[in-house]
Amino acid sequence: MAQFNSLFQQSINKPEEFWAEAASGIDWIKKWDKVLDSTRPPFYRWFAGATMNTCYNAVDRHVEAGRGEQIAIIYDSPVTDTVRKISYKELQDDVARFAGGLKSQGVSKGDTVIIYMPMIPEAAVAMLACARIGAVHSVVFGGFAASELAIRIDHARPKILVSASGAVEGKKTIAYKPLVDKALEQCEHQVESCIIFQRDVVKADMQEGRDHDWLELVKTCEPAECVEVAATDPLYILYTSGTTGMPKGVMRDNGGHAVALYWSMKNIYDIDAGDVFWSASDVGWVVGHSYIIYGPLLKGATTIIYEGKPIGTPDAGAFWRVISEHKVKTLFTAPTAFRAIKKMDPEGKLIGQYDMSSFEALYLAGERLDPDTYHWAADLLHVPIIDHWWQTETGWAIVANCRGIEDMEVKAGSPSLPVPGYDVRVVSNDGDELPAGEEGNIVIRLPLPPGTLATLWRNEDRFLSSYMTTFPGYYETSDGGFIDKDGYVFVMGRMDDVINIAGHRLSTGAMEEVLATHPDVAECAVIGTHDQLKGQLPLGLFVLKDGVNRDSEEIKAELVKMVREEIGAIACLRETSGVNRLPKTRSGKILRGTMRAIANGKEYNMPSTIDDPTSLDEITDALQDMGYPKK
Ligand code: COA
Ligand code: AMP
C-alpha cells in the first residue's frame, strides 16, 4: 500500500502538483494560469485560464494518433437484435456532422441543449456534438415522465431539444415523441426546434416547422470543427433528485472533468487505450455520462452502449453473453442488476455457457453493495468485485479500491479507501470529527478535486445551502456512515429524503408533492423501505380529508397512477396506505425518519420533540398490518 498511500498524501497535501501532473493526460490548447483558483471559496475552479475541447480529447485526438480504425463504441441491443461497431473515425464523422446540424439550428457556444434519448449511439453523438461546439448538454433520463422533462426544460432553457422516436424497454416499446410534445406543451420555455432520430421500432409524428428528422438534417450540413472553450466553461448540466420536487442541476465544467475522468480510467479501473470497458447503466444517469461516454472515450478505450436489461433480454445470462462476445475487460453496474441475476439464476449456471476469459474485474456502485451480493458475485466470477461510492455531484468515485494504482484488501460492506483528491471525514451533527468506528455525517474537506460539481446551474444559493453551509469548510455528502480504524469507509445510507431504487436516485419529497395534489388527500408522507431486489422502494402514507368516504382501494390506485404519470414508472411507487394521522413534532414537522426506522425494523429513540407519542404506536401498528418491516 506504500505507493497508494504516497499518492494519496500528495493529492491531499499538494493538490496543485498532483492534478497538474494528472492534467498531462489531456491535450490543452492553452495551459492554465493557475491549477486551482481559490479566490472565491467554496467556488473553487480547476485549471483557470486554460482552454481545450472535451470532444477533441474524447474523439479527434485518437484519430490523429493513428487509432481511427479502433472501435470506439459497440452498440449491443438485444431488444432490437442489433450489434453495431463504430470506429473512432466513424464517430468523429458522425459527431462533426451532427455538430453541424446543431449549428444549423442556431446552437452555439454557451447555449443549452436538452437530450432525451434511449440507449442508442446517437445519444453519445448528440452529447459529444454539443461538447464539440461548446454547447452545454443536459441529458434527461428516458424513464422520466413528461412533467419531469418539462421541469428540466424550464430550468435549463435549452435552445433546442434532441430526442428519438422511442425506446425499447425490456419487452415494451415506449414512444418518446408524445412525451416530448406533452412536455413542450406544459413548459413555459419554448425551444426553437427539435431534432428527432427516427427509429424503426416506432415512428414519431413530426411538427412541421419545429421538428427536424436527424438523418435528413445531417445530410445537408457541413461538419463542424471543435471550438476552443475555457476549462472552466460548463460542459453539461445533469439534474439529480434533491429533497424537493425541483431537481438540482449539477454543473460540470470541461477541463477538470476531462482530467479527473482520464485519470480515473487507469488509476481506479485499470483501463488502458484499446481495452473494452462496459458500464451497464444509462446515459441519463451520471454513471452513463462519466463511464459510458466521457471516461472510456477520453482514454481511447472501447465502450459499450447496451440497450437491454440484466435479465429478460433474453435471460439472466445476458451480461455474460455481452462480456464474452465483446471481450469485455471490466464491467461496471449497480448491485441491483446482480441481485436480479441472482434471483433468476441462483447458482450462476448460465455463466458456464460463456467464455469469460477476457473478464478481469467487476465494479459496482449506485447503492450499497450488500455483503450477500458481494459474496455471490465473488464466488461465481472469480474476479475482484470492487464496490465504489460516489454521487452525481462528484461525477467520479469518492471512495474505491484503486486497483490501477495498487490492489488493496477488500472488506465486504465497505467501498474501501478514499480516492486520491478526496479528504473524507465523518462528523457529528455539531461538526466535530468522530473517532474511528463511530457513525455520523460523511463530509469531504474542501476543495473538492477536479471533475466534481462546480455549482448548481442558475442556483448558487442552493449550491451553498445544500452542500456547503451545514459544515463550513466541508462538502456535505448527505450520506451517513463511519470510517474504521484502518481508514476504510462504510457508507450506510442517505441522511435525507433521497432514496435509491434499483440504483436510481429519486426524491420522496417529489413523490409527496404529487400525492398532495390528490383532491381527497389532506397530508401525506413517502418513506423509503428496504427491498430485497431494488434496495429501496417508496411507501406512500396518506391521511384523507375529513368527510371523504370513497373506497380507499380506488384512491390508492389513483395515487399510484398519478406518480407514474407525473414522475415516471421508474419511481416504482406501488404501495400506499391510508392512516388516521402522521406522527409529528410539536412544531408540525412529520417524523419521516422515525417512520422509516419503524418500517425498516431499525432501532430508534423516541424524538424528544414529538407532539403525541401514541401517534408512533398507531403508525407502528399500521405498518405492521402492511407487513413492515419486511423480511
Ligand atoms: N424508459 C421508460 N421506462 C423505463 C425506463 C426507460 N429508460 N427504464 C425503466 N423504465 C420503467 C420500466 O419499464 C418499469 O416499468 P413498469 O413498472 O411498467 O414495469 C419501471 O420503469 C421500473 O424500471 P426498473 O427499475 O428498471 O425495473 P424492472 O423491474 O423493469 O427491472 C432490474 C429490474 C433490476 C432488472 C432493473 O432495475 C435493472 O436493470 N437495474 C440495474 C440498474 C442500473 O443499471 N442502474 C444504473 C445506475 S449504475
Ligand atoms: P447518484 O447521485 O444517483 O449516483 O446517487 C448517489 C447516492 O447513491 C449516494 O449518495 C449514496 O447514497 C448511494 N451510493 C452510491 N454508490 C454507493 C455505494 N457504493 N455504497 C453505498 N451507497 C452508494
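General remarks:
- Rounded to the nearest 5, the antiparallel percentage of DSSP beta bridges internal to the stretch 498-625 is 80%.
- Looking at the stretch 528-631, the GluC sites (Glu not before Pro) that sit in a DSSP loop and have at most 11 other Cβ atoms within 10 Å of their own Cβ are Glu603.
- Rounded to the nearest Hz, the phi-derived 3J(HN,Hα) couplings of the stretch 577-583 under the Karplus curve 6.51 cos²θ - 1.76 cosθ + 1.60 (θ = phi - 60°) are 8, x, 10, 6, 7, 10, x, where x marks glycine and proline.
- Percent antiparallel among DSSP beta bridges (both partners in the chain, rounded to 5): 65
- Considering only alpha-carbon pairs that sit under 8 angstrom and 6 or more positions apart, the relative contact order computed for the chain is 12 percent.
- Under the combined filter of DSSP loop state and at most 13 neighbouring Cβ atoms within 10 Å, the stretch 199-229 retains these trypsin sites (Lys or Arg not before Pro): Lys203.
- Cβ-defined net charge surrounding Glu460, 15 Å radius [Lys, Arg +1; Asp, Glu -1]: +2
- Within the stretch 438-491, GluC sites (Glu not before Pro) in DSSP loop having at most 15 other beta-carbon neighbours inside 10 Å: Glu438, Glu439
- Cross-link pairs Lys177/Lys561; Lys34/Lys327; Lys159/Lys203 - those with Cα-Cα distance over 32 Å: Lys34/Lys327
- Note on Lys631: lysines with a C-alpha under 18 Å away, same-chain residues under 8 apart excluded, are Lys342, Lys343, Lys534, Lys602.
- Extension gain (nm, one decimal) between Leu215 and Lys631, 0.36 nm per residue minus Cα-Cα: 144.6 nm
- Residue pairs, from the table Lys14/Lys485; Lys89/Lys182; Lys30/Lys109; Lys545/Lys584; Lys309/Lys556, whose Cα atoms sit over 27 Å apart: Lys89/Lys182; Lys309/Lys556
- Spatially proximal aspartates and glutamates relative to Lys589 (Cα-Cα < 16 Å; intrachain offsets below 8 disregarded): Asp496, Asp497, Glu512, Glu513, Glu523, Asp611, Asp612
- Size descriptors for the chain (Cα atoms only): Rg and Dmax, in that order, 24.0, 75 Å.
- Of Ser77, Ser358, Ser587, Ser165, the sequence from fewest to most neighbouring Cβ atoms within 10 angstrom is Ser587, Ser358, Ser77, Ser165.
All of the numbers you see were taken from the coordinates with simple rules; none came from a lab. Owing to the predicted nature of the structure, the values given are computational and were not obtained by experimental measurement. All Cβ positions, even for glycine, are placed from backbone atoms using ideal geometry, and neighbour counts span all protein chains on display.
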